1. Which residue out of 292, 186 is modelled with pLDDT of 95 or more, part of a loop (DSSP other than H, G, I, E, B), out of contact with any helix residue (DSSP H, G or I) (no Cβ under 7 Å at 6 or more places or on another chain) and crowded, with 18+ Cβ neighbours inside 10 Å?
2. Take the residues in the range 321-331 that are in a loop (DSSP other than H, G, I, E, B) and in contact with a strand residue (DSSP E or B) (Cβ under 9 Å, 6 or more places away or on another chain), then tell me which one is surrounded by the fewest Cβ atoms within 10 Å (Cβ to Cβ).
3. Any chance the range 236-253 includes a residue that's within 22 Å of residue 409 (Cβ to Cβ) and assigned to a loop (DSSP other than H, G, I, E, B)?
4. Under the condition of being under 24 Å from residue 333 (Cα atoms) and free of Cβ contacts under 8 Å to residues at least 60 places away in the same chain, which residue from the range 78-105 is surrounded by the fewest Cβ atoms within 10 Å (Cβ to Cβ)?
5. Check off (1) touching a residue at least 40 places away in the same chain (Cβ under 8 Å); (2) assigned to a helix (DSSP H, G or I); (3) in contact with a helix residue (DSSP H, G or I) (Cβ under 7 Å, 6 or more places away or on another chain); (4) surrounded by fewer than 23 Cβ atoms within 10 Å (Cβ to Cβ) for residue 166 and give me the number that stays unchecked.
6. Here is a list: 376, 390. Which entry is more than 20 Å from residue 272 (Cβ to Cβ), surrounded by 14 or more Cβ atoms within 10 Å (Cβ to Cβ) and under 23 Å from the mean Cα position of the chain (by Cα)?
7. Could you please find all residues in the range 18-50 being in a loop (DSSP other than H, G, I, E, B) and in contact with a strand residue (DSSP E or B) (Cβ under 8 Å, 6 or more places away or on another chain)?
8. Restricting to the range 142-156, name every residue that is buried (at least 16 other Cβ atoms within 10 Å of the Cβ) and farther than 14 Å from residue 39 by Cβ.
């Protein structure tokens, strides 16, 4: 029987979540960096049992389970539950912020507030989330926290590869009630693992998802550090610094060297170009159709809407599926939170939805040999600009990975290698921006009219 190595890793479909390594009954899988700065499972001895568990818990192995079937299993019978194609199941949706956590968090601080509330109210005993390590070879990792004070070290976003194998092994070894935060594919992997492991079913009692457009390799952070003027190892990074004189969208990355020198680079000074053009993006992200972490009890995201973007302090949106989580939120007197129409939540993530619907349909059409069974039907887009965008961004994604992994780590050289593709993208991008601006303006007017 084939393993996750042959089916997933060798086809560049591994997201690096680590569930296969955590649950392998032979203990023959370990998570290691590949040459692209991404996590992959590696066999440390031959697979003898051929149980196939590694494939059954993999979020990108083709199986009978998808986000709809998993979501129905966990949320389908909840009174008052509803469903949308974009979001999956949902019970309630909110907009707001936590004043206490707002400035130290990525958006409005609601995710950090919720995790602390779960601990304070005794809903869980432990929180599993991503936090800095102080290790130059692995800047961030999943860690287990037991108190709100400990938890605050994990506030904010981390656009950096992390894997779950170590903390999942700890969950299996140590009884208790755990809440886990993660990207959509990571939460899906946990749900698949819970179906096959009783201890995980009993001990992981809350899952907190994050909206995600793509996962970057660690080379992405090295590249941004280079264009910020940091060309040495051993730096620390803050990914979502806020400046009161800029919009929420124009945040900065702050790099701190071993000598304490700080360098800042803003979204519009080079980060956006690498991010929006999918430089250093993992291959598996090309085939993800989950925008709103549909397998999670609650999903947190930025309020990327005109009426909130200008507030540099950040505003959060929440999509709740679990009644238990909703009860905690309703008891939250210290936060500013209001019910928010689901259609506006969907509008706030329009760019990611386009990537994981229209762009995905064309990617699946172009790569039919992969034969993945996704909830999006493969189709050749009628829009020539979209077709060109998908093709050119994929070429740049591959180029960025290949150049940096080959030791060509000069940021100017990499940018030069992308120049011709960036120029070809420009006319279509300008037209797309104009159309997007008009559509979002119309949505904004509709929201104002409805609120009035």
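The values are calculated or read from the model by the stated rules, or taken from the named source; none is laboratory data. These figures come from a predicted structure and were not determined experimentally. Here Cβ is always computed from backbone atoms with ideal geometry, including for glycine, and neighbour counts include all displayed protein chains.
1. Numbers: 186 fails: part of a loop (DSSP other than H, G, I, E, B).
Just one listed residue meets the conditions, 292.
2. Our first condition is that a residue be in a loop (DSSP other than H, G, I, E, B); within the range 321-331, this holds for 321-322, 331.
So of that shortlist, the ones also in contact with a strand residue (DSSP E or B) (Cβ under 9 Å, 6 or more places away or on another chain) come out as 321-322.
Values: 321: 27, 322: 19.
Ranking the qualifying residues of the range 321-331, first place goes to 322.
3. No, because not a single residue in the range 236-253 is within 22 Å of residue 409 (Cβ to Cβ) and assigned to a loop (DSSP other than H, G, I, E, B).
4. The first filter runs over the range 78-105 and keeps only residues under 24 Å from residue 333 (Cα atoms), leaving 80, 90-105.
Now drop any that are not free of Cβ contacts under 8 Å to residues at least 60 places away in the same chain, which leaves 80, 101, 104.
Working: 80: 9, 101: 24, 104: 14.
Out of the qualifying residues, it is 80.
5. Unmet for residue 166, out of (1) touching a residue at least 40 places away in the same chain (Cβ under 8 Å); (2) assigned to a helix (DSSP H, G or I); (3) in contact with a helix residue (DSSP H, G or I) (Cβ under 7 Å, 6 or more places away or on another chain); (4) surrounded by fewer than 23 Cβ atoms within 10 Å (Cβ to Cβ): (3).
6. Working: 390 fails: more than 20 Å from residue 272 (Cβ to Cβ).
Matching residue, one of 376, 390: 376.
7. As a first pass, look at the range 18-50 and keep what is in a loop (DSSP other than H, G, I, E, B): 18, 24-28, 34-38, 44-50.
Selection gives 18, 28, 34, 44.
8. First pass over the range 142-156, keeping only residues buried (at least 16 other Cβ atoms within 10 Å of the Cβ): 142-145, 148, 151-152, 154-156.
Answer for the range 142-156, where residues must be buried (at least 16 other Cβ atoms within 10 Å of the Cβ) and farther than 14 Å from residue 39 by Cβ: 143, 144, 145, 148, 151, 152, 154, 155, 156.
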